[in-house]
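Have a look at the structure below before the remarks.
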Amino acid sequence: MTEIMEAGRWRLDWPTSAGARVARAGLKTSPEDFQVDEEFSGFPAQSGPEVIAGEGEHLCLRLQKIGDNTEFVARELAALCGCRTFDVGFFGLKDRHAVTSQWFSLYRPGMANSDADFVARVAERWPVLSVWRHNRKLRRGEHEGNRFILTLRDVDGVRGEIDEALARLKSHGAPNYFGPQRFGFGGANLDRAAAMDASAMNSRGRTAGRGRRGKNRAGRDASKNVLYFSAARSWLFNEVLARRVADGTWFMPIDGEPGLSCGDLVPTGPLWGDGGTTATGHQETLERGVVEQSPDLVRLFSTTRMKPERRLLRTRPAELAWQWHDEGCLKLEFSLSPGQYATTILSDIFELEDMSLGRHNKQQG
């Protein structure tokens, strides 16, 4: 493992539930092939930007965007609003190469009288689907989930085998891996995590110099540290899940599962923290045995005081349906909970080529 880490090579393609993928397909040939709508019942359904209802200091906008990622839109909204980027909230990151509808919140206390003018300015940049006033900032993962409509093109495989695999996905689900995009190109974020000073995770309050420039630089450094740390945590989870997939136990709890004492029969894996894992018995032994093979990542958790958490090993798309347009074009519709990834789930069946990256860049998650 040490030699692999030094060479900068990390496993970024993990075992599938059936042992092998059954087909190849192209994804995101156009943005319309990847459509995502946030599912959130917190605001009444509305159509258009004309009605601004609700109360609170935060103006919430549901926008449709194409060709812009979430963080770019958040920065642009902050500039239009005249607030800090930190004062813009959203439920989660959405892909740039897609057609997405997404809620954003902006901190605009005492400015309700100018909401209509502000919404009109935003509508010059992105279609505004709904508007609502709310008493707090929108935060990641607080929505019910995401609804996907995806079109796969140039599907290369036996149609009957693909239908069987999709039926199995609908009934049994798929391993709940984090997608490899989280780890950077070739695992670059993991290389940086392995080389990172663990104490940097506890330095958020420090500045890298005096004045605004120093504060901005410190903020950027802290953000990167969090990104690398998150990549390490996610990769360790994937490695444990990969072991469970290889053992054939990823869909069932085993001895030592933290939820068993409460009657919870849902299998989970570790999001590593200070102290490692909350599992006990055989499961703790298994998880520590896998994670300890990566000592350069494990050491990051010794000084963070971050509480160990759990993540589901299995994910099952809700209301999965599919339709063949012809032998090479397949349309899928389904919903996922926050923190679950459409491409990762489909990669349990398909070897996907992300056409938005270029024909020679393959994405397995």
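The values are calculated or read from the model by the stated rules, or taken from the named source; none is laboratory data. These numbers come from a predicted model, not from an experiment. With ideal geometry, Cβ positions are generated from the backbone for all residues, glycine too; neighbour counts draw on all protein chains shown. Surface accessibility is based on the protein's heavy atoms, side chains included, excluding ligands, DNA and RNA. Shrake-Rupley method; radii C 1.70, N 1.55, O 1.52, S 1.80 Å.
The figures follow:
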item: Positions within the stretch 104-117 being free of Cβ contacts under 8 Å to residues at least 40 places away in the same chain and touching a Phe, Trp or Tyr at 6+ places or on another chain (Cβ under 7 Å), in sequence order; result: none
item: Every pair of residues 6+ apart whose Cβ atoms lie under 7 Å, when the first sits in the stretch 299-320 and is in contact (Cβ under 8 Å) with a residue 12 or more places away in the chain and of a type in the set (Gly, Ala, Ser) while the second is open to solvent by less than 50 Å² (accessible area, probe 1.4 Å) and part of a strand (DSSP E or B); result: Ala318/Phe334; Ala318/Ser335
item: Residues being at pLDDT below 95 and aliphatic (A, V, I, L, M) - total across the stretch 240-278; result: 5
item: Number of positions in the stretch 260-271 that are surrounded by 14 or more Cβ atoms within 10 Å (Cβ to Cβ) and free of Cβ contacts under 8 Å to residues at least 40 places away in the same chain; result: 1
item: Residue within the stretch 118-125 that is in a loop (DSSP other than H, G, I, E, B), without any contact (Cβ under 8 Å) to a residue 60 or more places away in the chain and basic (Lys, Arg) present; result: yes
item: Ala232 of a type outside the set (Phe, Trp, Tyr), farther than 30 Å from Gly186 by Cα and buried (at least 16 other Cβ atoms within 10 Å of the Cβ); result: no
item: Single residue of Phe229, Phe237 found to be under 27 Å from Gly289 (Cα atoms), modelled with pLDDT of 90 or more, in contact with a helix residue (DSSP H, G or I) (Cβ under 7 Å, 6 or more places away or on another chain) and among the aromatic types (Phe, Trp, Tyr); result: Phe229
item: Top-ranked residue of the stretch 304-353 - restricted to ones that are among the acidic types (Asp, Glu) and farther than 30 Å from Asp274 by Cα, ranked as most open to solvent (accessible area, probe 1.4 Å); result: Glu319
item: Strands (runs of 3 or more DSSP E) fully within the stretch 249-365 counting 3 or more residues that are of a type in the set (A, V, I, L, M); result: 318-326, 329-336
item: Members of the stretch 244-259 that are open to solvent by 40 Å² or more (accessible area, probe 1.4 Å) and in contact (Cβ under 8 Å) with a residue 60 or more places away in the chain; result: Ala246, Phe251
item: Any hit, the stretch 84-98, residues being assigned to a strand (DSSP E or B) and under 30 Å from Cys329 (Cα atoms); result: no
item: Per-region count, the stretch 147-162, residues surrounded by fewer than 17 Cβ atoms within 10 Å (Cβ to Cβ) and either within 15 Å of the chain's Cα centre (by Cα) or without any contact (Cβ under 8 Å) to a residue 60 or more places away in the chain (or both); result: 1
item: Every residue from the stretch 85-103 that is farther than 19 Å from Pro127 by Cβ and touching a residue at least 12 places away in the same chain (Cβ under 8 Å); result: Asp87, Gly89, Gly92, Leu93
